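The values are calculated or read from the model by the stated rules, or taken from the named source; none is laboratory data. As the structure is a computational prediction, the values presented were derived from the model and not from experiment. Here the Cβ positions follow ideal geometry from the backbone for every residue, glycine too, while neighbour counts run over all protein chains shown. These accessible areas exclude ligands, DNA and RNA; they are computed on the full protein's heavy atoms, side chains included. Shrake-Rupley method; radii C 1.70, N 1.55, O 1.52, S 1.80 Å.
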Amino acid sequence: MKTNEVLENIKARRSVRAYTDRQVSEEDLQAILEAATFAPSGMHLETWHFTAIQNADKLSELNERIKGAFAKSDEPKLQERGHSKTYCCYYHAPTLVIVSNEPTQWWAGMDCACAIENMFLAAHSLGIGSCWINQLGTTCDDPEVRELITSLGVPKDHKVYGCVALGYADPKISMREKAVKAGTVTVVR
Ligand SMILES: Cc1cc2nc3c(=O)[nH]c(=O)nc-3n(C[C@H](O)[C@H](O)[C@H](O)COP(=O)(O)O)c2cc1C
């Protein structure tokens, strides 16, 4: 199989769900955010917004409000998370980037997904772990959650399509080798 540095970076990236306390430096964060802004977007509208949070108290408050929204749900699994003392949707990562967009175009979420993958790959190339965090997608319109994310800088008319946890992988947690499903590719010549 043909390979190069970019292809190796793509194949070696994994979702990291246990982080050390070490914060991502300003220089690295800026490089990762810049990679996000270079992603393709439908009609090059770039209506997205990236809200990066590196304040542990604010992240903890965000988690509490997401839990509050879950606690109001009819779904038992979400209720359980909402009442859990230990549940942390962002795995205590030191940095979280909220990726939001105007919901006016049907591809708004796709623009965000392209930017998110760019951030994952940029982070991995810098030795920084990452993970997609989805819980704000379903809770961003809960009034308590919305109040907080607005105060953090998420535009009022935006929907959250995903978040990116960033930090250094806890070396004590070993990563299982990735198994890639067979039969998902068709080539027609
Ligand atoms: C749309 C989407 C939503 C995801 N949401 C979460 C999430 O909320 N929490 C989480 O731990 N992982 C989440 N993931 C990560 C996937 O579980 C992960 O990519 C998958 O298990 C493959 O593992 P890998 O990323 O290590 O290759 C999400 C991934 C995608 C693409």
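Between Gly162 and residues 5 or more places away or on another chain, which pairs have amide H atoms under 5 Å apart, with H built 1.01 Å from N, and which residues are they?
HN-HN under 5 Å from Gly162: Val99.
What are the ³J(HN,Hα) values, in whole Hz, obtained from phi via the Karplus relation 6.51 cos²θ - 1.76 cosθ + 1.60 with θ = phi - 60°, for each residue of segment 92-103 in sequence order, with x given for Gly and Pro?
Going residue by residue, I get 6, 5, x, 10, 9, 10, 8, 10, 10, 7, 5, x Hz, with x marking Gly and Pro.
With r as the distance between the Cβ atoms of Trp106 and Met175 and R0 = 35 Å, compute the FRET efficiency 1/(1 + (r/R0)^6) and round to 0.05.
That pair, Met175 with Trp106, gives E of 0.50.
May I ask you to derive the FRET efficiency for His44 and Trp132 from their Cβ-Cβ distance with R0 = 22 Å, giving the value to the nearest 0.05?
The computed FRET efficiency comes out at 0.40.
Could you put Phe120, Phe38 in order of accessible surface area, largest first, with the 1.4 Å probe and the full protein assembly present?
Phe38, Phe120
May I ask you to derive the relative contact order of segment 64-147, considering only C-alpha pairs under 8 Å and at least 6 residues apart, and to give it as an integer percent?
31 percent
Over the chain, what is the relative contact order in whole percent, taking alpha-carbon pairs under 8 Å and six or more residues apart?
Contact order relative to length: 33 percent.
Using the reciprocal of the averaged 1/r over all distinct C-alpha pairs, how large is the Kirkwood radius of segment 32-133 in Å?
Values: mean 1/r = 0.0664 Å⁻¹.
Computed over Cα pairs of segment 32-133, the Kirkwood hydrodynamic radius comes out at 15.1 Å.
Just by accessible area at a 1.4 angstrom probe, what is the order of Trp106, Trp48, Trp132 from largest to smallest? Don't skip to the answer; put the middle values down first.
Working: Trp106 195, Trp48 25, Trp132 95 Å².
My answer, sorted largest first, is Trp106, Trp132, Trp48.
I'd like the FRET efficiency for Ala56 and Val185, computed as 1/(1 + (r/R0)^6) with the beta carbon distance as r and R0 of 45 Å, rounded to 0.05.
It comes to 0.60.
So what J values fall out for segment 48-54 if you push phi through Karplus, 6.51 cos²θ - 1.76 cosθ + 1.60 with θ = phi - 60°, rounded to Hz, Gly and Pro as x?
Whole-Hz 3J(HN,Hα) from phi for segment 48-54: 5, 9, 10, 10, 9, 10, 10.
Which order do you get for Leu45, Leu166 if you rank them by accessible area with a 1.4 Å probe, largest at the top?
Reading off the accessible areas and sorting them downward yields Leu45, Leu166.
Mind computing the radius of gyration and Dmax over the alpha-carbon atoms of segment 90-189? Å is fine for both.
16.3, 54
Roughly how big is segment 1-115's charge dipole about its Cα centre, with Cβ charges of +1 (Lys, Arg) and -1 (Asp, Glu), in debye to the nearest 20?
The dipole magnitude comes to about 580 debye.
When the helix-only estimate is applied to the chain (DSSP H runs of n ≥ 4, each -39,500 (n - 2.57), divided by the residue count), what is the mean residue ellipticity at 222 nm, nearest 500 deg cm²/dmol?
So the calculated ellipticity at 222 nm is -12500 deg cm²/dmol.
Amide H to amide H, which residues 5 or more places from Ile53 or on other chains are under 5 Å from it, using H placed in the peptide plane?
When sequence neighbours closer than 5 places are left aside, the close amide H contacts are Leu96, Val97, Ile98.
What part of the accessible area of the chain, given as a whole %, is carbon or sulfur when the probe is 1.4 angstrom?
Solvent-exposed carbon and sulfur of the chain make up 54 percent of the total.
I'm a student and want to see the number: the projected area of the Cα convex hull of the chain, averaged over all directions, in nm².
13.4 nm²
Does anyone have the angle between helix 26-37 and the longest principal axis of the chain? Alpha-carbon axes, 0 to 90°, nearest 10?
Roughly 80 degrees, rounded to the nearest 10.
What area, in nm² and to one decimal, does the C-alpha convex hull of segment 8-79 cast on average over all directions?
Reported value for the Cα convex hull: 8.1 nm².
Rounded to the nearest 10 Å², what accessible area does Met110 have for a 1.4 Å probe in the complete protein model?
About 110 Å², rounded to the nearest 10.
Per residue, how large is the accessible surface of segment 133-189? Use a 1.4 angstrom probe and give square angstrom. Before the final figure, lay out the partial values.
On the way: 3940 Å² over 57 residues.
Value for segment 133-189: 69 Å² per residue.
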